[in-house]
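The values are calculated or read from the model by the stated rules, or taken from the named source; none is laboratory data. Keep in mind that what you see is a predicted model, and the values were worked out from it rather than measured. With ideal geometry, Cβ positions are generated from the backbone for all residues, glycine too; neighbour counts draw on all protein chains shown.
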Amino acid sequence: MSSDTLSKAAAPAPPAAADVPRIVPQRRTGQWIAAAVVLALLGLAVNSVLRNDAFQWDVVAEYFTTSSVLRGLGLTLWLTALVMALGFALGTLLAVMRLSANPVLQAVSWGYVWLFRSMPILVQLLFWFNIGALYPQILGVKTVDLFGPVTVAIIGLTLHEAAYAAEVVRGGILSVDRGQIEAAQALGLGRHRRWRKIVLPQAMRAIVPPAGNMLIGTLKGTSIVSVIAVQDLLYSVQLVYHRTYQVIPLLLVATIWYVVVTSLLSVGQHYVERHYARGTGR
């Protein structure tokens, strides 16, 4: 008898289908019960909001697209875009100063970030709004004429934003492996090409998520400029309900617009993050 025949005879017979243990998924009864309870409570809350006449949804629909509200929304979006652009431009400069080998530049950058992150944004806005008490004139021009409410809002929000943007950019640059820069140097790439081709594309993976959160936070944070009479979205609806006394529906108008714009920005942030995450397997 050949060796192949003996090995086949010695091999155990495969188990019958009835003998194979069946894998039974673990029952998660508690989780399904909790989910049902959450859905029931959510349904009751939504039903209460939609059926409560005190919300005055007809008034919400009436004022949702009025010209005054849309003008306030436009100013809010314009202010958000301008503050983000100026804030990240100044923040990038501060981050480069912080990463430089010059101790004076490092100290100045650190001091700026420390100061403006320590001051509440409302205090900064009120300080700039009352800067005329310290400097009645600047270059022969009255400070009141130079620093109107919108200018004060831009200055205050930009200086505040730059302090946080500096740390975001600095963290993104530090996240790039030092070996990548050394390899680019070994290949003879110049400083600007190293930053443009090696450092920034990799740093953006770490910069984009917090920058997107800052953008959404800035959009909502612009509502604070209503305290200095800037006619943003919130101030526009305040002007209406001070006249009509329909506070709740007008606040709902502002809330829904903030939710809509924030949702659109979140979708955009998702696609930007996915673009810079290419090749990382995430």
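For the stretch 238-248, state whether one or more residues are over 20 Å from residue 70 (Cα atoms), among the aromatic types (Phe, Trp, Tyr) and surrounded by 15 or more Cβ atoms within 10 Å (Cβ to Cβ). The answer is no, given that none of the residues of the stretch 238-248 is over 20 Å from residue 70 (Cα atoms), among the aromatic types (Phe, Trp, Tyr) and surrounded by 15 or more Cβ atoms within 10 Å (Cβ to Cβ). Of the listed requirements (1) in contact with a helix residue (DSSP H, G or I) (Cβ under 6 Å, 6 or more places away or on another chain); (2) surrounded by 15 or more Cβ atoms within 10 Å (Cβ to Cβ); (3) under 20 Å from residue 229 (Cα atoms), residue 150 misses just one: (1). Each residue in the stretch 123-147 was checked for being loosely packed, with under 13 Cβ neighbours inside 10 Å, assigned to a helix (DSSP H, G or I) and either polar (S, T, N, Q) or in contact with a helix residue (DSSP H, G or I) (Cβ under 8 Å, 6 or more places away or on another chain) (or both), and 1 of them qualify. Across the stretch 37-65, which residue is nearest to residue 150 (Cα to Cα) among those that are among the polar types (S, T, N, Q) and free of Cβ contacts under 8 Å to residues at least 40 places away in the same chain? Among them, the one singled out is 65. Of the residues contained in the stretch 213-222, none is found to be crowded, with 18+ Cβ neighbours inside 10 Å, more than 20 Å from residue 269 (Cβ to Cβ) and at pLDDT 90 or above. Out of curiosity, is residue 95 touching a Leu at 6+ places or on another chain (Cβ under 9 Å) and of a type in the set (A, V, I, L, M)? For residue 95, the condition - touching a Leu at 6+ places or on another chain (Cβ under 9 Å) and of a type in the set (A, V, I, L, M) - is not met. Look at residue 96 and say whether it is farther than 29 Å from residue 234 by Cβ and part of a helix (DSSP H, G or I). Yes: the conditions hold for residue 96.
A single member of 80, 65, 76 is within 30 Å of the chain's Cα centre (by Cα), assigned to a loop (DSSP other than H, G, I, E, B) and modelled with pLDDT of 90 or more, and it is 65.
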